């Protein structure tokens, strides 16, 4: 239960606000001036402060400054009976989350309190996530792979076991799962970490160009070969070569790679000199190579040679407990890159993110967070700022109304439909509707709906 501190030198206002927030399910503490309010902040575990500005002993301005300095994540809402634009601007500069003049619109104040507490929870959650990421990175030998889910922990155990060996590794997984990060981790933890690490994206090259890239060519080997060129295998001598999307290579190139695996030798295109290399091969694909073998598209002997150790990278939908950690990491990255100060996602946005299946996996999640940070209008990213395809499955059903329906009937139908969509969670329904929880309960009483 959240605890709200109400600071005001007018007893009736303090008591009235306390009763209103107690009706909303909050615990309350009262103080009659800024000094006693400051003592209450230090004595009690307070989640939010509502304070008047002009009070004896210590003003609300001074209390606000003390809280902002000592408890920067504690939200403060300012009330005053002597409001002005200058007061509002100064209070916001000093750290207030919002500003209300008396008499207060209670429903608006209750909604603001609810949102402020959600934001405070998000800040604290992000702080914990950052600490957890630092802890995970300190325990793991690699800094790039983030997660604590069972599938990821199992994968990391295999990586740590195979990395020190010279065994060939086949990495499989859907597009966007982070297969290249796994290859990076194996290389960085291997005895070859100081040697060359050469990466080849096989799908981006035609068969002729790929053969030349992998094995090199002699001068005059083909039109345009104006000088001798060393291939990627030769450049990787003493280190590791990473063949990404190996399922895309043609049969002719497959035979030559098989020879390198078996004999550690090859010839450049157009050359006769046999070149020996000491290279570890890590390959990756999003294809089912066993199925490709059955179809005759991939050589069985090469598959067995590559598949000495098989690492499957789990899709994001199978490691959802890692999503919060990944979002926190990406948020930090893009805040730094784009000079932003986005603090996090609202509960509704987080719910939509967790409910989405992420067919594009980590790559899609990363791109989504980057887009949200770039387009963010404030410190929090709400559900309406997420791409539509992510929130579409979580949208409430349309409420159909006939022309001639009274406003009262339409309101009732919308409120009841929203509660149903929120699975009976009236606090959530009140947030969606933009009204206070007490107002919602009053409406339900008017409709004769039982609690």
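The values are calculated or read from the model by the stated rules, or taken from the named source; none is laboratory data. Only a predicted model underlies this, so the values are computations on that prediction, with no experimental measurement involved. Methodologically, a virtual Cβ is constructed for each residue, glycine included, from the backbone with ideal geometry; neighbour enumeration extends over all protein chains shown.
Can you name every residue in region 2-43 that is part of a loop (DSSP other than H, G, I, E, B), under 33 Å from the mean Cα position of the chain (by Cα) and surrounded by fewer than 17 Cβ atoms within 10 Å (Cβ to Cβ)?
25
Given the condition buried (at least 19 other Cβ atoms within 10 Å of the Cβ) and touching a strand residue (DSSP E or B) at 6+ places or on another chain (Cβ under 6 Å), answer yes or no: does some residue in region 298-313 qualify?
yes
If you check residue 180 against the conditions, is it at pLDDT 85 or above, over 21 Å from the mean Cα position of the chain (by Cα), under 23 Å from residue 325 (Cα atoms) and part of a helix (DSSP H, G or I)?
On the way: at pLDDT 85 or above: yes; over 21 Å from the mean Cα position of the chain (by Cα): no; under 23 Å from residue 325 (Cα atoms): yes; part of a helix (DSSP H, G or I): yes.
When the stated conditions are applied, residue 180 does not pass them.
For region 335-348, which residues satisfy the criterion of being assigned to a helix (DSSP H, G or I) and within 11 Å of the chain's Cα centre (by Cα)?
Matches in region 335-348: none.
Right, residue 190: at pLDDT below 95, touching a strand residue (DSSP E or B) at 6+ places or on another chain (Cβ under 8 Å) and crowded, with 16+ Cβ neighbours inside 10 Å or not? Spell out how you get there, then give the answer.
Numbers: at pLDDT below 95: yes; touching a strand residue (DSSP E or B) at 6+ places or on another chain (Cβ under 8 Å): yes; crowded, with 16+ Cβ neighbours inside 10 Å: yes.
Criteria met by residue 190.
In this structure, is residue 226 in the same structural domain as residue 271 (by TED's automatic domain parsing), more than 21 Å from residue 302 (Cα to Cα) and not in a helix (DSSP H, G or I)? Step through it out loud before you land on a result.
Values: in the same structural domain as residue 271 (by TED's automatic domain parsing): yes; more than 21 Å from residue 302 (Cα to Cα): yes; not in a helix (DSSP H, G or I): yes.
Yes; evaluated as a whole, the condition is true for this residue.
Can you pull out the residues in region 87-107 that are in contact with a strand residue (DSSP E or B) (Cβ under 8 Å, 6 or more places away or on another chain) and in contact (Cβ under 8 Å) with a residue 12 or more places away in the chain?
Here is the first cut: in region 87-107, the ones in contact with a strand residue (DSSP E or B) (Cβ under 8 Å, 6 or more places away or on another chain) are 87-88, 91-92, 95-102, 104.
Matches in region 87-107: 87, 91, 95, 96, 97, 98, 99, 100, 101, 102, 104.
Residue under question is residue 77, and the condition is that it be out of contact with any strand residue (DSSP E or B) (no Cβ under 6 Å at 6 or more places or on another chain), in contact (Cβ under 8 Å) with a residue 12 or more places away in the chain, closer than 26 Å to residue 381 by Cα and surrounded by 20 or more Cβ atoms within 10 Å (Cβ to Cβ); does it hold? So that I can check it myself, show each step before the final result.
Numbers: out of contact with any strand residue (DSSP E or B) (no Cβ under 6 Å at 6 or more places or on another chain): no; in contact (Cβ under 8 Å) with a residue 12 or more places away in the chain: yes; closer than 26 Å to residue 381 by Cα: yes; surrounded by 20 or more Cβ atoms within 10 Å (Cβ to Cβ): yes.
So residue 77 does not fit the description; no.
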